[in-house]
Amino acid sequence: DVKVTQSSRYLVKRTGEKVFLECVQDMDHENMFWYRQDPGLGLRLIYFSYDVKMKEKGDIPEGYSVSREKKERFSLILESASTNQTSMYLCASSLLQGVYEQYFGPGTRLTVT
Amino acid sequence: DQQVKQNSPSLSVQEGRISILNCDYTNSMFDYFLWYKKYPAEGPTFLISISSIKDKNEDGRFTVFLNKSAKHLSLHIVPSQPGDSAVYFCAANYAGKSTFGDGTTLTVKP
């Protein structure tokens, strides 16, 4: 079974702090994704990556950056956290480009105060 | 502009009956569609998918129907079971990216 793990289930940060959310997958998947889930807005794509050191902007990249130094690890960075970034963050991976089924981690509930 | 919409935030059905969850999309470039199920405190899990070249795909109790002319897909669960109670997301794919709907919360009553 594919396992996608996220570094924290719950996180509380202060406005202006730098925040790192880490995601690790154990099945040698090529593609990795970061989403945020908000009530009434579904899952919105922040960034994705098709390969190591490669990244592409999703639908809502503003205020975020990502890093993929190793194939199994994809980090989401909030350079200066703001209250409107309070959300559930979900990481996902998929095997190959064009293979669409994604495997999700359990999510990180981030609260910015 | 939301390209994938699930217009029913919630649905309640009796155990053993059919559950029908609906999803509409606007982008005709979408070429693959998926349904995911999400339990509280867990990430979404893949349920069933359909290519745009098909109009039906069946997997056990779950069937997905695609009507391309209407830009509409639906998920049928027959018979519904209490364990099916969850949030269901539809997703539409193009160029390697998935666009998700808002989700529909299904409650199956014993």
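The values are calculated or read from the model by the stated rules, or taken from the named source; none is laboratory data. Owing to the predicted nature of the structure, the values given are computational and were not obtained by experimental measurement. In this analysis, Cβ positions are derived from the backbone assuming ideal geometry, glycine residues included, and neighbour counts consider all displayed protein chains. Heavy atoms of the whole protein, side chains included, go into the accessibility calculation; ligands, DNA and RNA do not. Shrake-Rupley method; radii C 1.70, N 1.55, O 1.52, S 1.80 Å.
Results, tabulated for the structure shown:
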item: Sequence of A:108, A:83 when ordered by accessible area, the most exposed leading, probe 1.4 angstrom; result: A:83, A:108
item: Cα-Cα pairs of chain B separated by more than 21 Å (percent); result: 30
item: Exposure of residue B:20 as accessible area (Å², to 10), given a probe of 1.4 Å and all protein chains; result: 70
item: Expected-Rg normalisation [2.2 N^0.38 Å, Cα atoms] applied to the protein assembly as shown; result: 1.02
item: Length-normalised contact order of the range A:25-99 in % [C-alpha pairs under 8 Å, at least 6 apart]; result: 38
item: Rounded to 5, the percent of DSSP beta bridges in chain A classed as antiparallel; result: 90
item: P(r) weight above 18 Å for the range A:25-99, C-alpha pairs, percent; result: 37
item: Chain lengthening between residue A:27 and residue A:84 when straightened (0.36 nm per residue, less Cα-Cα); result: 17.2 nm
item: Inter-label distance for residue B:39 and residue B:59, nm, one decimal - labels placed 7 Å from Cα along Cα-to-Cβ; result: 1.7
item: Length-normalised contact order for the range B:4-109 - Cα pairs under 8 Å, 6+ apart - percent; result: 38
item: Per-residue HN-Hα couplings for the range A:32-48 [Karplus 6.51, -1.76, 1.60; θ = phi - 60°; Hz; x = Gly/Pro]; result: 9, 9, 10, 10, 10, 10, 10, x, x, 10, x, 9, 10, 7, 8, 8, 9
item: At most 11 other Cβ within 10 Å, DSSP loop - GluC sites (Glu not before Pro), the range A:1-64; result: A:62
item: Length released on extending from residue A:15 to residue A:56, taking residue separation times 0.36 nm less the Cα-Cα span; result: 12.2 nm
